[in-house]
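Accompanying notes for the structure given below.
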């Protein structure tokens, strides 16, 4: 899975959870939550049954502390992976 935020043209910010195994096809969009605050996003994602959330093995995020906290709160069995783009950007 991947967790990232995006800003729409009208200024609204959303957190988007995608399933990387779908390769951009059917089932790729798992959730889209208005806002980026960890408590808000976590509350919505916790509506997915724990049994399903425990199946998630890895979640890729940028270096946002809010995104990393959300992963820890919602996907307790998942490994957290920081995306390569942001790591390279930090090093350069």
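The values are calculated or read from the model by the stated rules, or taken from the named source; none is laboratory data. Quick caveat: nothing in here was measured; it's all calculated off a predicted structure. Positions of Cβ are backbone-derived with ideal geometry, glycine not excepted, and every protein chain shown enters the neighbour counts.
Just a few scattered comments:
- Residue 82 being surrounded by 11 or more Cβ atoms within 10 Å (Cβ to Cβ) and at pLDDT below 95: yes
- So residue 21, is it under 15 Å from residue 6 (Cβ atoms) and modelled with pLDDT under 95: no
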